[in-house]
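Only one structure is covered here, and it is reproduced in the block below.
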Amino acid sequence: MAFSIASASAGKVLSSLSTYEDQFAGLFPKDIQAFAFWKGRVALFAILESLGIGSGDEVIMPGFTCVVVPNAVLYRGAIPIYVDIEALRLPWIFVISSRKLQAAPRQS
């Protein structure tokens, strides 16, 4: 659903967003809350924060990724560890290579 500035000033965005969050939370077991983020990078930052990832922690990620991913890790004070991926099944299934993970440079 697209929202215009006019509908935002009328307060419709919050009620529609709240409805979306409630409906999404309803897909999960009881006592689950949902929160919609305005950007993926903000959502990733919040996930890292909720997991307690911070200064000095290492976060493993594919070496070929969008700059937003390591930036969120760096903003939390954590250290991105880049690892290559391998094809598990072609054409579209790729995984982080456990062999390459063991060889990845790490902080001491």
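No lab work stands behind these numbers, since they all come straight from the coordinates. Since we're looking at a predicted model, the values are computed, not measured. As a convention, Cβ positions derive from the backbone with ideal geometry for all residues, glycine included, and neighbour counts pool all protein chains shown.
Laid out as a table, the results:
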{"item": "Net charge over other residues, Cβ less than 13 angstrom from the Cβ of residue 98 (K, R count +1; D, E count -1)", "result": "0"}
{"item": "Computed lengthening from residue 106 to residue 74, 0.36 nm per intervening residue step minus Cα-Cα distance", "result": "10.0 nm"}
{"item": "Loop-located chymotrypsin sites (Phe, Trp or Tyr not before Pro) in segment 16-108 whose Cβ has at most 10 other Cβ within 10 Å (DSSP)", "result": "35, 38, 64, 92"}
{"item": "Kirkwood hydrodynamic radius over Cα pairs of segment 40-108, then Stokes diffusion coefficient at 20 °C and 1.002 mPa s, in µm²/s", "result": "167 µm²/s"}
{"item": "Those residues of segment 65-95 whose amide nitrogen sits under 12 Å from the label point placed on residue 55, 7 Å along Cα→Cβ", "result": "77-78"}
{"item": "Gain upon complete extension [residue 87, residue 64; 0.36 nm per residue less C-alpha separation]", "result": "6.9 nm"}
{"item": "Rounded Å value of the spacing that divides the Cα centres of segment 64-92 and segment 15-46", "result": "24 Å"}
{"item": "Ranked list, fewest to most other Cβ atoms within 10 Å of each Cβ, for 30, 100, 39", "result": "30, 39, 100"}
{"item": "Stretch gain in nm, segment residue 46-residue 21, where the contour uses 0.36 nm per residue and the Cα spacing is subtracted", "result": "7.4 nm"}
